[in-house]
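The values are calculated or read from the model by the stated rules, or taken from the named source; none is laboratory data. Just so it is clear, the structure is predicted and the values come from calculations on it, not from any experiment. Counting neighbours? That spans all protein chains shown, and the Cβs are built from the backbone with ideal geometry, glycine included. Side chains are part of the model used for accessible areas, which takes the heavy atoms of the whole protein and leaves out ligands, DNA and RNA. Shrake-Rupley method; radii C 1.70, N 1.55, O 1.52, S 1.80 Å.
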Protein chains: 2
Amino acid sequence: MRADSRLSRMLHVLIHMDRHDGPVTSELIARMLNTNPVVVRRTMAGLRERGYLTSVKGHGGGWALARSLDEITLRDVYEALGEPTVFAIGVADDDPKCLVEQAVNAAVGEALREAEQRLLSRFGEISIGELARDFDRRMAECTAG
Amino acid sequence: MRADSRLSRMLHVLIHMDRHDGPVTSELIARMLNTNPVVVRRTMAGLRERGYLTSVKGHGGGWALARSLDEITLRDVYEALGEPTVFAIGVADDDPKCLVEQAVNAAVGEALREAEQRLLSRFGEISIGELARDFDRRMAECTAG
DNA sequence: GATCACGAAACAACAGGAGTTGCATAACTC
DNA sequence: GAGTTATGCAACTCCTGTTGTTTCGTGATC
């Protein structure tokens, strides 16, 4: 399957928006992400509904941050995207009759659930503001070197 | 996309094979998994190459275990399947020019890598023999109750 | 009113597991 | 050695969800 890159794309965009004055058009965002404006609007709609972004129609319109990046975690973005499926692997049948399969599901399902829980917890610990500051460090290194 | 259920299917089959005398045909396995023999052969081929299974052609042929279930971990099976993609989510570009995207990838990629590492480590700790014994417990509970 | 920009619907492209068919090949039975 | 059983392999189609694209509607600005 093609990997779902909506989370990383949104993080990318949000940091750019933070460093940008005034609203940013879907057109410009699309160029940053190497995609097109419709995909951008579709993906960002969830973030607007959650109150992280605002969008303004018409001349001079576009997208703007409604919150500080320090107030938004990776998990917030993940949830705003509709909590996409995390794993490409899973069990064959969620409620099997076969006791063997039940034993398999118990072990595999448990391991997957725990891994997902850990990943999402980790996402909840990281604010986008931290990523932005990491970008600043990289920028400083780049210009210094 | 539809979840990749090859791992759980193979675990399911291996335990059944352990409780079965003589070779098991792809046809019979397919009925256990609610699929068809070609899918079974395709999926089990990797386990044969790794030496966990043998397959015999012709009359009276079929599949048989070449190892004890205690010698095979979930991770062994995962690897025999060609190490399928674990996550349905990922970063947009593995080697981006944009420094912002690099910072995003560092954070998201790291979290994903760590989660994958943990999951695979956990898989490495669980032998199929343990799952089989868990099945026995469930069976006992079922007949006792 | 012309232009700019978002909103929404509809559809094709793509990727990978799963399902299916057909045929070749090997092994056993008679 | 002919028939049967079973795997091995190749070449499809199907399914599902992200991504990409086009088109039209609508609101805001100039």
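By the gyration tensor of its Cα atoms, with a ≥ b ≥ c the square roots of the eigenvalues, what is the shape of segment B:1-108: rounded for a/c under 1.5, prolate for a/b over b/c, or oblate?
Values: a/c = 3.30, a/b = 2.64, b/c = 1.25.
Prolate is the answer for segment B:1-108, as a/c is 1.5 or above and a/b outweighs b/c.
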Of B:Asp70, B:Asp94, B:Asp134, the one that fluctuates the most in a GNM where chain B has Cα springs shorter than 10 Å: B:Asp94
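How much net charge surrounds B:Ile72 when only other residues with a Cβ under 11 Å from its Cβ are counted (Lys, Arg +1; Asp, Glu -1)? Display every interim value, and only then the final one.
Working: positive: B:Arg50, B:Arg67, B:Arg75; negative: B:Asp18, B:Asp70, B:Glu71, B:Asp76, B:Glu79, B:Glu130.
Taking every Cβ under 11 Å from that of B:Ile72, the sum is -3.
Using the heavy atoms of the protein chains alone and a 1.4 angstrom probe, what is the accessible area of segment B:6-144 per residue in square angstrom?
On the way: 7070 Å² over 139 residues.
Here the residues of segment B:6-144 average 51 Å² of exposed surface.
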Candidates B:Val77, B:Val24, B:Val104: whichever shows maximal mean-square fluctuation once chain B is modelled as a Gaussian network with Cα springs under 10 Å: B:Val104
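I'd like the trypsin sites (Lys or Arg not before Pro) in segment A:1-66 restricted to DSSP loop residues with at most 13 other Cβ atoms within 10 Å, sorted by number. Intermediate values should be presented prior to the final figure.
Numbers: sites: A:Arg2, A:Arg6, A:Arg9, A:Arg19, A:Arg31, A:Arg41, A:Arg42, A:Arg48, A:Arg50, A:Lys57; in loops: A:Arg2, A:Arg19, A:Arg50, A:Lys57.
Loop-located and lightly packed - A:Arg2, A:Arg19, A:Lys57.
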Threshold 40 Å², segment A:89-104 residues less accessible with all protein chains present than alone (1.4 Å probe): A:Ile89, A:Gly90, A:Ala92, A:Leu99, A:Val100, A:Ala103, A:Val104
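Treating only the Cβ atoms of Lys and Arg (+1) and Asp and Glu (-1) as charged, compute the dipole magnitude of segment B:1-47 about its Cα centre; round to the nearest 20 debye.
Details: 7 positive and 4 negative charges, 41 e Å.
Rounded to the nearest 20 debye, it is 200 debye.
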Share of carbon and sulfur in the accessible heavy-atom surface of segment A:6-144 [1.4 Å probe, %]: 46
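What trypsin sites (Lys or Arg not before Pro) does segment A:74-133 have in DSSP loop regions with at most 13 other beta carbons within 10 Å? Could you put the intermediate results ahead of the total?
Values: sites: A:Arg75, A:Lys97, A:Arg113, A:Arg118, A:Arg122, A:Arg133; in loops: A:Lys97.
Passing both the DSSP loop test and the Cβ count: A:Lys97.
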Shape of the protein assembly as shown, Cα gyration tensor, a/c cut at 1.5: prolate
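Take the alpha carbon gyration tensor of segment B:103-145, find the square roots of its eigenvalues, order them as a ≥ b ≥ c, and report rounded if a/c is under 1.5; if not, report prolate when a/b exceeds b/c, else oblate. Walk me through the numbers on the way to the answer.
Values: a/c = 9.72, a/b = 3.55, b/c = 2.74.
In terms of gyration-tensor shape, prolate.
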Charge-dipole axis of the protein assembly as shown as Lys and Arg at +1 and Asp and Glu at -1 on Cβ define it, positive-most pick from B:Gly124, B:Gly109, A:Ser5: A:Ser5
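Mind putting a number on the dipole of chain B about its Cα centre? Charges go on the C-beta only, +1 for Lys and Arg and -1 for Asp and Glu, and I need it in Debye to the nearest 20. Display every interim value, and only then the final one.
Numbers: 19 positive and 22 negative charges, 135 e Å.
Using Cβ point charges on Lys, Arg, Asp and Glu, chain B gives about 640 debye.
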Choice from A:Ala111, A:Ala92, A:Ala30 with maximal GNM fluctuation in chain A (Cα, 10 Å cutoff): A:Ala92
Positive dipole terminus of segment B:6-144, leading residue within B:Gly61, B:Phe135, B:Cys98 (C-beta point charges): B:Gly61
Positive minus negative residues near A:Asn34 (Lys, Arg vs Asp, Glu; Cβ under 15 Å): 0
